[in-house]
Amino acid sequence: MVSFWKLRQSPNFRFAMLTLPGALFLLIFLVLPLISILIFSFWRTESYQLIADWNIENYKTILGQKTYLTFMWRSLVMAVSVSLVCLIYAYPVAYLVAKRGGRYRLILVLLTAAPFFTGIILRVTAMQQILGPIGLLNMALQTFGFEPIQILMYSNVASAIGLVYLWIPFMVLAIYLSLLNFNFELLEVAYVNGAKPWRAFLEITWPLNWIGTAIGIVLVFIPTFAAFVTPRFLGGVNGALYGNILEHQFGATGTWALGSAMGVVLFFICLIFIMIIWRTINLQRSGYTGEEF
Amino acid sequence: MSAALPHHLTSLQLRDIAMTEPALKLEQVEKSFDKVRAVDKVSLEVNTGEFFSLLGPSGSGKTTLLRIIAGLETPGNGTVHIGGRDVTRLPPYARGIGMVFQDFLLFPHKIVADNIIFPLKMQRLPEDKQKEQLNWILSLVRMEGYEDRYPHQLSGGQKQRVALARGLVSRPDILLLDEPLANLDLELRKEMEVEMRRFQAELDIPFIYVTHNQEEALTLSSRMAVMHNGKFEQVGAKLDLYNNPKTRFVAAFLGSPNYIQGQIKRMEGTIAILDWRGLDLRIPAPANATSGDKIDYFLKHERILIQSLRESEPAKGENRFEGTLRDIIFKGQHSAYFVVLENGEELVVNAATEMPSLKIRHAVEVGWLPEAGDAFLKEED
Ligand SMILES: Nc1ncnc2c1ncn2[C@@H]1O[C@H](COP(=O)(O)OP(=O)(O)OP(=O)(O)O)[C@@H](O)[C@H]1O
Ligand SMILES: [Mg+2]
């Protein structure tokens, strides 16, 4: 009992509890398929047929060939930048809503998720309508005699904008929920003790809300790293990411075994990322003493 | 040389001015929230080395006034000067003050040492100086050996010591304290009261101490203000407030006195004779009082003499009444004696515990001089 109480108080345990429902979902819908994928990844494909011929050629291909590494790198850069942009954009929004939203704050937060009511394809196409060559933005520019902005048409930047738009509600929600438990009076204490607002943010707000923020980052990073729909619609021919190449193996080329191996690699990269974030929570004394939740 | 002289003089003069200025000066400070006048035209001067208490019932505006001094609220009107400097428009971090809060508000993610040096870190003091100050203040508040603990590993009293240390470590121009002992149990509160006086005396920093506990205010402070509905009812030395309350509110509040209501029958110079439900009571006549006026008279428990019947002769002009001792409540060195008079009114008398001649349900005599109590014209409400 005592040890359970101790366990309950540890930030790691909280992190685990928060992610448990997701984890169960993942077990049924991800881990079981993943095990089959893990098995397939050590087989090989011949004329759209999986052959149980155990080998590690698929991994050699992915980790040895420059093309695959390039796509992996692109996705990594994309995931990091999208997470960063989401973070920078979502923090003030969540902060304002939590601090000044009053009785409307729940509605305000749900509003950030409004685009979710329509489904991913519709949302991505909507973005295409805005950013694409015949999209709202560039059409408007051309109407007024300006050059269309090339970088917004079928590029990684366009994909990034789309992905930010797609996943930012997660970030807002995670930070908002964390700030709900945050005692804003601590900031006043900091001010009185000589901290300017930005300093008080770095010393107090940021560390005390790091767990929520980290969850937000994970929730944005992972789907971005695995994204394939958004880059296909918005990224154009040169905007393909790791997820597109992966998807390709299961579609056009029918190289299921290689695709499986790519999936396994993707899974481990995400796992490593979560571990890194987890470590920071471990090291950070996040100030949770078991009282606030 | 001659060119440098005026400059030199100026800086000396400046220092002189700074030294003669009060540590804190409030002028006509006002603050309203929607329709509530939380602070209403408050003026105050507090000098270096003073332990000043702000006493008032819940909702009287004490916290709001303290927050205005700290810069956490902007006054709607009026000015705030700290050490001769107008800080009315300055943010809290530019005011050089310390503050201690009721619920301690330590930073939960920082160890004791980091909590305490926080103000020094914000001032960018060199690290060795920080360490020096930390050790000094830790020994002052007697918290050596707790540097590496997190706040949740401390008891309430220890948290309050750390909060005090954080407020004092940078030797601020003033220290603001908002009911710092309210969350501690009685024993700890008594202990911390003694400590609080020691810190204040040793550091010579003016303390502005908010409380709704009059005992605390009377024990701790040199001067105090009683606040009511956002206004200062009376400001002055604590004994002066206790002995010579200027307003009905202060008289009714300090010392939780007996409350006597009556109507003036006739005037005898500076003395008014009150009809107190059938008894004639001599009281000091309030200004502008005439026959027929309704009067509130407040009489502190310890100002009443209690004895067995005819144990002594009444002094000239003294009120003397017979009554029955209903109950005695033992309070240590003193006891509270509950006396029911012939007119059915009950008086509480504080007197020494050792009075073998007084027995419950027996007849007793109570007496006091008119000036022992404070009389006010009844306010229309
Ligand atoms: N932020 C605010 N918004 C609206 N009204 C407020 C606010 N802060 C204080 N008040 C009102 O101002 C008045 C004074 O409040 P204040 O907190 O200063 O009282 P206090 O003397 O500190 O009381 P207590 O002893 O209960 O702490 C109260 O009527 C309170 O309701
Ligand atoms: Mg208060």
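The values are calculated or read from the model by the stated rules, or taken from the named source; none is laboratory data. All figures in this text were calculated on a predicted structure; none of them were measured in a lab. No Cβ is skipped: glycine too gets one built from the backbone with ideal geometry, and neighbour counts run over all protein chains shown. These area figures cover heavy atoms from the full protein model, side chains too; ligands, DNA and RNA do not enter into them. Shrake-Rupley method; radii C 1.70, N 1.55, O 1.52, S 1.80 Å.
What residue, among those in the range A:167-190 that are more than 7 Å from chain B (Cβ to nearest Cβ) and under 24 Å from B:Ala94 (Cα atoms), is surrounded by the fewest Cβ atoms within 10 Å (Cβ to Cβ)? The selected residue is A:Phe184.
For every residue, the table says whether it meets (1) at pLDDT below 95; (2) in a helix (DSSP H, G or I); (3) surrounded by fewer than 15 Cβ atoms within 10 Å (Cβ to Cβ).
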{"position": "B:Met1", "(1), (2), (3)": "yes, no, yes"}
{"position": "B:Ser60", "(1), (2), (3)": "yes, no, no"}
{"position": "B:Thr74", "(1), (2), (3)": "yes, no, yes"}
{"position": "B:Gln102", "(1), (2), (3)": "yes, no, no"}
{"position": "B:Ile117", "(1), (2), (3)": "no, yes, no"}
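Taking the numbered list (1) within 25 Å of B:Val112 (Cβ to Cβ); (2) within 13 Å of the chain's Cα centre (by Cα); (3) away from ligand 2 (no atom under 16 Å from the Cβ); (4) charged (D, E, K, R) in turn, B:Glu179 passes all entries but (3).
Of the residues making up the range A:89-98, at least one is in the same structural domain as A:Leu173 (by TED's automatic domain parsing) and open to solvent by 80 Å² or more (accessible area, probe 1.4 Å). Annotation: of all residues in the range B:169-184 being out of contact with any Pro (no Cβ under 9 Å at 6 or more places or on another chain) and open to solvent by less than 30 Å² (accessible area, probe 1.4 Å), the one that is nearest to the other protein chains (Cβ to nearest Cβ) is B:Leu176.
Here's the yes/no breakdown for (1) assigned to a helix (DSSP H, G or I); (2) touching a residue at least 60 places away in the same chain (Cβ under 8 Å); (3) open to solvent by 50 Å² or more (accessible area, probe 1.4 Å):
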| site | (1), (2), (3) |
| --- | --- |
| A:Leu30 | yes, no, yes |
| A:Ile35 | yes, no, yes |
| A:Thr45 | no, yes, no |
| A:Asn55 | no, no, no |
| A:Lys60 | yes, no, yes |
| A:Leu69 | yes, no, yes |
| A:Met72 | yes, yes, no |
| A:Val82 | yes, yes, no |
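Among the conditions (1) away from ligand 1 (no atom under 12 Å from the Cβ); (2) assigned to a loop (DSSP other than H, G, I, E, B); (3) more than 9 Å from every other protein chain (Cβ to nearest Cβ); (4) of a type in the set (D, E, K, R), the only one that B:Lys110 does not satisfy is (3).
In the range A:160-228, which helices (runs of 4 or more DSSP H) lie fully inside it and hold 1 or more residues that are in contact with a strand residue (DSSP E or B) (Cβ under 9 Å, 6 or more places away or on another chain)? Spell out the reasoning first.
Working: elements: A:185-192, A:197-200, A:210-225.
Because the criterion is at least 1 residues that are in contact with a strand residue (DSSP E or B) (Cβ under 9 Å, 6 or more places away or on another chain), the helices (runs of 4 or more DSSP H) in the range A:160-228 that meet it are A:185-192.
Here A:Ala94 passes the criteria (1) farther than 24 Å from A:Leu234 by Cβ; (2) out of contact with any helix residue (DSSP H, G or I) (no Cβ under 9 Å at 6 or more places or on another chain); (3) in a helix (DSSP H, G or I) except the one numbered (2). Scanning the range B:124-137 for residues that are within 14 Å of another protein chain (Cβ to nearest Cβ) and loosely packed, with under 14 Cβ neighbours inside 10 Å returns a single hit, B:Arg124. Is it true that B:Arg166 is assigned to a helix (DSSP H, G or I), away from ligand 1 (no atom under 16 Å from the Cβ), more than 25 Å from B:Ser58 (Cβ to Cβ) and open to solvent by 50 Å² or more (accessible area, probe 1.4 Å)? So B:Arg166 does not fit the description; no.
Of all strands (runs of 3 or more DSSP E) completely enclosed by the range B:317-381, which ones contain at least 3 residues that are touching a helix residue (DSSP H, G or I) at 6+ places or on another chain (Cβ under 8 Å)? So that I can check it myself, show each step before the final result.
Values: elements: B:319-331, B:334-341, B:346-352, B:363-368, B:373-377.
Strands (runs of 3 or more DSSP E) meeting the threshold: B:346-352, B:373-377.
Going residue by residue through the range B:139-152, is there one that turns out to be among the β-branched types (Val, Ile, Thr) and outside any helix (DSSP H, G or I)?
Here is the first cut: in the range B:139-152, the residues among the β-branched types (Val, Ile, Thr) are B:141.
Narrowing the set further to residues that are outside any helix (DSSP H, G or I) leaves B:141.
Yes: one or more hits.
For the range B:199-233, filtering for residues that are of a type outside the set (A, V, I, L, M, F, W, C) and more than 16 Å from ligand 1 (Cβ to nearest atom) leaves 8. B:Tyr337 satisfies every condition listed in (1) surrounded by fewer than 16 Cβ atoms within 10 Å (Cβ to Cβ); (2) within 24 Å of B:Ala252 (Cα to Cα); (3) free of Cβ contacts under 8 Å to residues at least 40 places away in the same chain except (1). Out of B:Glu187, B:Glu195, B:Glu191, one residue alone is open to solvent by less than 70 Å² (accessible area, probe 1.4 Å) and modelled with pLDDT under 90. It is B:Glu195. Considering the conditions (1) surrounded by fewer than 16 Cβ atoms within 10 Å (Cβ to Cβ); (2) under 15 Å from B:Gly157 (Cβ atoms); (3) not polar (S, T, N, Q), B:Glu215 is excluded by exactly one of them, (2).
Evaluated against (1) within 16 Å of ligand 2 (Cβ to nearest atom); (2) assigned to a helix (DSSP H, G or I), B:Glu132 falls short on exactly one condition, (1). Of the strands (runs of 3 or more DSSP E) lying entirely inside the range B:172-282, those containing at least 2 residues that are assigned by TED's automatic domain parsing to the domain that holds B:Leu299 and not β-branched (Val, Ile, Thr) span B:258-268, B:271-276.
Can you confirm whether the range A:191-204 contains a residue that is away from every other protein chain (no Cβ under 14 Å) and among the basic types (Lys, Arg)? So that I can check it myself, show each step before the final result.
Here is the first cut: in the range A:191-204, the ones away from every other protein chain (no Cβ under 14 Å) are none.
Scanning the range A:191-204, I find no residue that is away from every other protein chain (no Cβ under 14 Å) and among the basic types (Lys, Arg), so the answer is no.
Select from the range B:81-96 the residues that are within 18 Å of B:Gln123 (Cα to Cα) and either within 16 Å of ligand 2 (Cβ to nearest atom) or open to solvent by 10 Å² or more (accessible area, probe 1.4 Å) (or both) and list them in ascending order. Once the filter is applied, which keeps residues that are within 18 Å of B:Gln123 (Cα to Cα) and either within 16 Å of ligand 2 (Cβ to nearest atom) or open to solvent by 10 Å² or more (accessible area, probe 1.4 Å) (or both), the range B:81-96 yields B:Leu90, B:Pro91, B:Pro92, B:Tyr93, B:Ala94, B:Gly96. Note on the range B:151-160: among residues that are out of contact with any helix residue (DSSP H, G or I) (no Cβ under 8 Å at 6 or more places or on another chain) and surrounded by 14 or more Cβ atoms within 10 Å (Cβ to Cβ), the one that is farthest from the other protein chains (Cβ to nearest Cβ) is B:Gln158.
Before we move on, is B:Val42 within 14 Å of chain A (Cβ to nearest Cβ), surrounded by 14 or more Cβ atoms within 10 Å (Cβ to Cβ) and modelled with pLDDT of 90 or more? Before the answer, list the steps.
Working: within 14 Å of chain A (Cβ to nearest Cβ): no; surrounded by 14 or more Cβ atoms within 10 Å (Cβ to Cβ): yes; modelled with pLDDT of 90 or more: yes.
Judged against the criteria, B:Val42 is not a match.
Among the residues of the range B:320-327, is any open to solvent by 60 Å² or more (accessible area, probe 1.4 Å), in contact (Cβ under 8 Å) with a residue 40 or more places away in the chain and within 15 Å of B:Asn258 (Cβ to Cβ)?
Looking only at the range B:320-327, we keep the residues that are open to solvent by 60 Å² or more (accessible area, probe 1.4 Å), and these are B:322, B:324, B:326.
Okay, now just the ones that are also in contact (Cβ under 8 Å) with a residue 40 or more places away in the chain, so B:322, B:324.
Pick out the ones that are also within 15 Å of B:Asn258 (Cβ to Cβ) and you get none.
No, the range B:320-327 contains no residue that is open to solvent by 60 Å² or more (accessible area, probe 1.4 Å), in contact (Cβ under 8 Å) with a residue 40 or more places away in the chain and within 15 Å of B:Asn258 (Cβ to Cβ).
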